[in-house]
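K.L.:
Below is one structure. I have some questions about it.
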Amino acid sequence: MTNKMKILIGYDGSECADAALVDLQRAGLPSEVEAYVLAVDEQWLPMPTSYWMMRTSYESSYPVSDEVKELAVTAGKKLQALFPAWKVLAESYGGSPASIILAGAEQWKPDLIVVGSHGRTGIVKLVLGSISQKILHHAPCSVRVARGREMPA
């Protein structure tokens, strides 16, 4: 009895995220894979736990926009079209993308995490941080980082 390989894919709808999906075709992956696509509605400020001395129900749930929910569905469909034999699940959450993806990895126990990299450098990277770099350094498994490529004219 063989176990299916489990791949967690962080997806934000960017060209780099799409490149990460397409790049999987060259990764030499098995035909039996469970893929879990996570789209994250980026929210950096913690949700309030109270408002004017009244407790709220926002302690652990962040709102997710319809746009990000649709990103998850779209990524799932793209992945399923590229790999028809794979079992694909797509979900969306709100919060810090790196934290959500790492938490998903701790819970789901994938063999591989796949993310795209925007390739930011210098002060932009310092100010914005690097989601892919944080995942790379803190993931409990192997990580594949893909970048979009410029195609020759």
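The values are calculated or read from the model by the stated rules, or taken from the named source; none is laboratory data. Just so it is clear, the model here is predicted, and its values are computed rather than measured. Methodologically, a virtual Cβ is constructed for each residue, glycine included, from the backbone with ideal geometry; neighbour enumeration extends over all protein chains shown. Surface areas here come from the heavy atoms of the whole protein model, side chains and all, with no ligands, DNA or RNA. Shrake-Rupley method; radii C 1.70, N 1.55, O 1.52, S 1.80 Å.
K.L.:
If I filter the stretch 20-29 down to residues being among the aliphatic types (A, V, I, L, M) and either assigned to a loop (DSSP other than H, G, I, E, B) or open to solvent by less than 30 Å² (accessible area, probe 1.4 Å) (or both), which single residue comes out as nearest to Pro110 (Cα to Cα)?
P.N.:
The extreme case among them is Leu29.
K.L.:
While we're on this one: Would you pick out the residues in the stretch 84-110 that are open to solvent by less than 30 Å² (accessible area, probe 1.4 Å) and closer than 17 Å to Ala27 by Cα?
P.N.:
Trp86, Pro110
K.L.:
Here's a follow-up. Output the residue which, of all residues in the stretch 7-19 that are buried (at least 18 other Cβ atoms within 10 Å of the Cβ) and within 17 Å of Leu89 (Cα to Cα), is nearest to the chain's Cα centre (by Cα).
P.N.:
Per the stated criteria, the residue is Gly10.
K.L.:
Looking only at residues in the stretch 30-56 that are under 20 Å from Asp111 (Cα atoms) and either open to solvent by 30 Å² or more (accessible area, probe 1.4 Å) or not in a strand (DSSP E or B) (or both), which one is modelled with the lowest pLDDT?
P.N.:
Selected residue: Ser31.
K.L.:
Further question: Limited to the stretch 73-82, what total is found for residues that are open to solvent by 30 Å² or more (accessible area, probe 1.4 Å) and not β-branched (Val, Ile, Thr)?
P.N.:
Adding up the residues that qualify gives 5.
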